[in-house]
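Participant: Structure incoming, see below.
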Amino acid sequence: MPMKLNALPDVPRWAALAAHAVPLAVLPSGLWRLALVAGLPVTQDAGLLTMGPGETLYVVSLSVVSELLAFLTLGLVRPWGEVFPRWLPLLGGRRVNPAAATGAALAGVAGLCAIAAWGVYASYAGLGPGIPASPVQEAVLLVCYAPLAAWPPLLAAVAVAYYRRRTGRGAGRGQYGAGRPAASSWV
């Protein structure tokens with residue numbers, strides 16, 4: 001029996017799966033950062049590391065904001081990505097511009113690629129404290145951060161599928177939009 005996904009009826013199954021995979025791919029790195037804040041031995045200097053309130057707030061906020069941004073990918077396959085929810089001031093009930101949503105998603109892809117490139121450079125250059133001291137710490141770090149590599153390509157694929165579906169520019173033009181419920185039934 002196939003798994004039930006929350007997505008619009010005209011969203012390709014692969015796009016719905018990819019959109020739902022993004023928050024799951026981002027979660028382990030956030031949990032690793034929270035473990036760091038909690039003082040768990042995830043780095044060589046975890047026992048010596050005493051973060052000030054500002055650093056703690058930054059690391060926790062980074063985890064929360066990353067996860068919230070990952071959840072925005074679901075908007076590309078759900079009703080709130082086509083019509084703004086009514087509770088949003090000024091925008092509620094209006095249709096989402098497909099080019100604007102796709103542009104924002106692809107800008108996110110570019111930003112994620114830039115951050116990944118910097119992370120790889122910083123890692124090889126030995127920048128920053130907290131390098132794993134043991135093979136176990138290194139394995140935990142890799143297991144937690146490797147899934148982030150999936151975020152940009154998944155987001156890009158879902159964004160392109162969203163644009164094609166919303167503008168009718170994909171292969172199989174006739175199938176998209178057929179039988180779509182009225183926008184008022186989504187909110």
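Participant: Give, in nm to one decimal, the length gained when the segment between Thr56 and Val136 is fully stretched (0.36 nm per residue of separation minus the Cα-Cα distance).
Facilitator: Full extension from Thr56 to Val136 adds 26.4 nm.
Participant: A further question follows. In the range 24-87, what percent of the accessible surface is made up of carbon and sulfur (1.4 Å probe, ligands and nucleic acids excluded)?
Facilitator: After summing per-atom areas, the C and S share lands at 76 percent.
Participant: Ranked by accessible surface with a 1.4 Å probe, highest first, in what order do Arg165, Arg78 come?
Facilitator: I get Arg78, Arg165, largest accessible area first.
Participant: From the gyration tensor of the Cα coordinates in the range 24-157, what semi-axes in whole Å does the equivalent ellipsoid have, largest first, with each one equal to sqrt(5λ)?
Facilitator: Gyration-tensor ellipsoid for the range 24-157: 34, 17, 12 Å.
Participant: Further question on the same structure: Find how many whole Å separate the alpha carbon centroid of the range 2-30 from the alpha carbon centroid of the range 57-122.
Facilitator: 15
Participant: Right, here's the next one. How far, in nm, would the chain grow between Ala38 and Ala125 when pulled straight, counting 0.36 nm per residue and subtracting the alpha carbon separation?
Facilitator: Gain on stretching Ala38 to Ala125: 28.6 nm.
Participant: Next up: Name the long-range amide H neighbours of Val83: under 5 Å, sequence gap of 5 or more, or other chain; modelled H, no Pro or chain starts.
Facilitator: Val96
The values are calculated or read from the model by the stated rules, or taken from the named source; none is laboratory data. Computed from a prediction, not measured in an experiment: that's the story for all the values here. Quick note on the areas: whole protein, heavy atoms, side chains included, nothing else; ligands and nucleic acids left out. Shrake-Rupley method; radii C 1.70, N 1.55, O 1.52, S 1.80 Å.
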